[in-house]
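> Dumping the structure here so I can ask a few things about it.
The values are calculated or read from the model by the stated rules, or taken from the named source; none is laboratory data. As the structure is a computational prediction, the values presented were derived from the model and not from experiment. When we count neighbours, we look across all protein chains shown, and the Cβ atoms used for this are built from the backbone with ideal geometry, even at glycine. Accessible surface areas use protein heavy atoms only, side chains included; no ligands, DNA or RNA. Shrake-Rupley method; radii C 1.70, N 1.55, O 1.52, S 1.80 Å.
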Amino acid sequence: MSRQIAVLMCTINADNQCRMLEGMIDAAKETDSNLYVFTNYISYREKEENLKGAYQIFRLPDYREFDGVVIAKNTITYPKAAEAVIRAVLESGCPAVSIDVEIEGMSHISFSSYEAEYAMTEHFIRAHGCSDIYYISGPLFHKEGQKRYRGFLDAMEKNGLKVRQDHIYQGFFTMDSGMQAVETFLKDGGRPRAIICGNDAMAVGAQEALRQHGLRVPEDVILAGFDNSELSELSYPPLTSVDKNQHEVGYRAVYEIMSRVEGSPPNGTAVTGEPILRTSCGCPFEEEQNARKLRESYVHNQISTQNGADILRNMITEFSGLGTPEDVVEALKKYVEQMEFESFYLCFCEKDRLFAIQDETLTGALDILHGNTEYTDMIHIPLAYENGVFASYENFPRGKVLPEECRTKSGGNYYVAVPIFYQHCCYGYCISGNTHLPLEHNFFYAWIMNIGIGFENIRKRVLLEDTVKRLNSMWAYDMLTRLYNRAGFFHYAERMLRDLQQEDEYVCLVFLDLDGLKQVNDTIGHEAGDELIGSMAEIIRQNIEEGSLAMRYGGDEFVILGRCAGEGITERFVAALREGMQRRNRRSNTSYELRASIGVSRYRARDIESLDLLIGQADQKMYEEKRMKRRMRDNERQQK
């Protein structure tokens, strides 16, 4: 049976990660294994709210479902997520391989970055006679950035050369940080003659900034990068760099998993790199890419960029006008077909956690604006695309990642799982099978983000519409009881009264006042008092006739207005209220009881001059009952 291997790695479209994955894919085909790559495309400078949503993808799988796990910790730039995923993998007991970072209990495959940067620095010193070398490092909280920087410092020290702190710039492995570094070096009148960069992207950015200042590479400044990315050879002049042999790193990682599965103990292996000397450092270099190849590459990239931009623009336009999640799923089908996936699965969290509004209070609606922040226990697939056919799958446990019928029994396949989220709100994830799109194109990440934004627009619209509805109802409803308040009651009661007057009907009005509420509030607390008020409101709702109106008239007072269609209706309603209170008291284990005094007034609708007068008369009858109860209590005390 084929082995199932989980790979935990961010930004897989970066050169290093892409080459590493290609090595894993080659090894998976040779070993009849399947790779499940869990990734996101988060950079070092993402906002905290984006990090939380993106890194949920590593909390998705149950690692016990896999035969092995490969983790590239250096690519996981959110420390909390890195710590959590390492802990989860170790607790699962699953054989694991760590790339670049030694983790106790895991095998370890590393690249000798320190030695490679040391050698590059010595090349600048010995081959080119450099004594004052500027250095642009990667982020020094990053292990790889630390190792390369330390290699540079030690090589300078061994050769008796001092390193000036104003000649060091800490970047983020990005082109713009390389440009900013050169601007910093030059702003105080500095004039670097040699710059070594912690990766190729920063070196290309530095090269562009030098050009903008009229400085030539290598005539005025010699320059080197690291990683031997595609950029290094396509840049002009071609960039001196270090080939990390990442394909071999990934390849060995899969074979180490196979060894661990067979019972071997954790093992550590180092892969050596190779310096690639090109024109940017002043070394002679015979260009490997001819003009035809460069033109073909340029045209291909232009076509891919234009097609991608068209698809994204169409998605944004179409998704912005959709009203339901089902609309997004249906619209997504044509874009899935355009991507030419072999297989694709849109895996969605439980819908009620995303779009349903559970709390009927205004506060509850606002709370839901924060969204679903983690994957739900059960996942479903509203859209699956397999061999050109669309399908769907019902609920399955999230830890399995895919339902059993979708998990390929044969080996040599690779699947990429990417989160669908918006900031911290987690909608689900998508899985694409046996396609290089996630590895090669930034466009794929934007495509996935569009799906998340489409669902977020709908969620916000649903919540906004519900909130507006609730705000509109606040003028008419009492928020504690969800009965009408005075404004709402009189608005609808006047209309009701006019209709009954035209039909020459009779009107009944019940005035109810809770007994002993003040004492409960003073001795037990207002929460207990609110419970009594809420219980009374619920009893009224359970027994009120259709078409009648009920309101909370004051703190402990209620008014019910309805049509008197026959003899005894009002009496039966009052009796039902009293029975409801007794039933609540029998079932409740509280030290206080729900009691009320009730007054009733009945008039011919045409004879009613004002509702206030009708309420006043029922109020008087209610007080007659309350006074009668007080006399009865006084008599009982006197008899005792």
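> Which ones in the stretch 6-33 are open to solvent by less than 10 Å² (accessible area, probe 1.4 Å) and either assigned to a loop (DSSP other than H, G, I, E, B) or on the phi > 0 side of the Ramachandran plot (or both)?
MET9, CYS10, ILE12
> Of the residues in the stretch 183-228, how many are within 19 Å of GLN246 (Cβ to Cβ), open to solvent by 10 Å² or more (accessible area, probe 1.4 Å) and not charged (D, E, K, R)?
4
> Here's a follow-up. Between a first residue in the stretch 529-551 that is of a type in the set (S, T, N, Q) and a second residue that is open to solvent by 20 Å² or more (accessible area, probe 1.4 Å), which pairs have beta carbons less than 8 Å apart while being 6 or more apart in sequence or on different chains?
Listed by first residue and then by second, the contacts come to SER535/ARG584; ASN543/PHE573; ASN543/ALA576; SER548/ARG563.
> Any idea which of TYR41, TYR55, TYR36 is of a type in the set (Ser, Thr, Tyr), assigned to a strand (DSSP E or B) and open to solvent by less than 40 Å² (accessible area, probe 1.4 Å)?
TYR36
> Give the stretch 344-355 a look and list any residue that's crowded, with 19+ Cβ neighbours inside 10 Å, out of contact with any His (no Cβ under 9 Å at 6 or more places or on another chain) and either farther than 15 Å from TYR429 by Cβ or at pLDDT 90 or above (or both), or say none.
Of everything in the stretch 344-355, those that are crowded, with 19+ Cβ neighbours inside 10 Å, out of contact with any His (no Cβ under 9 Å at 6 or more places or on another chain) and either farther than 15 Å from TYR429 by Cβ or at pLDDT 90 or above (or both) turn out to be PHE344, TYR345, LEU346.
> Checking the structure you have, find out if any residue of the stretch 450-461 is in contact with an Asp or Glu (Cβ under 9 Å, 6 or more places away or on another chain) and either on the phi > 0 side of the Ramachandran plot or open to solvent by 20 Å² or more (accessible area, probe 1.4 Å) (or both). Outline the logic, then answer.
Kept after step one, since they are in contact with an Asp or Glu (Cβ under 9 Å, 6 or more places away or on another chain), are these residues of the stretch 450-461: 454, 458.
From what is left, the residues that are either on the phi > 0 side of the Ramachandran plot or open to solvent by 20 Å² or more (accessible area, probe 1.4 Å) (or both) are none.
For the stretch 450-461, residues in contact with an Asp or Glu (Cβ under 9 Å, 6 or more places away or on another chain) and either on the phi > 0 side of the Ramachandran plot or open to solvent by 20 Å² or more (accessible area, probe 1.4 Å) (or both): absent.
> Can you name the residue in the stretch 288-305 that is assigned to a helix (DSSP H, G or I) and open to solvent by 100 Å² or more (accessible area, probe 1.4 Å) and, of all such residues, is modelled with the lowest pLDDT?
ARG292
> How many of the residues making up the stretch 547-582 are open to solvent by less than 50 Å² (accessible area, probe 1.4 Å), of a type in the set (Gly, Ala, Ser) and over 51 Å from the mean Cα position of the chain (by Cα)?
Count: 2.
> Determine if the stretch 517-525 includes at least one residue that is touching a residue at least 24 places away in the same chain (Cβ under 8 Å), over 28 Å from ILE615 (Cβ atoms) and open to solvent by 30 Å² or more (accessible area, probe 1.4 Å).
Yes, the stretch 517-525 contains at least one residue that is touching a residue at least 24 places away in the same chain (Cβ under 8 Å), over 28 Å from ILE615 (Cβ atoms) and open to solvent by 30 Å² or more (accessible area, probe 1.4 Å).
> List every residue pair whose Cβ atoms sit under 9 Å apart, with the two residues 6 or more apart in sequence or on different chains, where the first one lies in the stretch 153-178 and is without any contact (Cβ under 8 Å) to a residue 40 or more places away in the chain and open to solvent by less than 30 Å² (accessible area, probe 1.4 Å) and the second, anywhere, is among the charged types (D, E, K, R) and assigned to a loop (DSSP other than H, G, I, E, B).
MET156/LYS162; HIS167/ASP132
> Another question, then. Looking at ILE539, ILE544, can you tell me which residue is within 47 Å of the chain's Cα centre (by Cα), open to solvent by 40 Å² or more (accessible area, probe 1.4 Å) and modelled with pLDDT of 90 or more?
Details: ILE539 fails: open to solvent by 40 Å² or more (accessible area, probe 1.4 Å).
It is ILE544.
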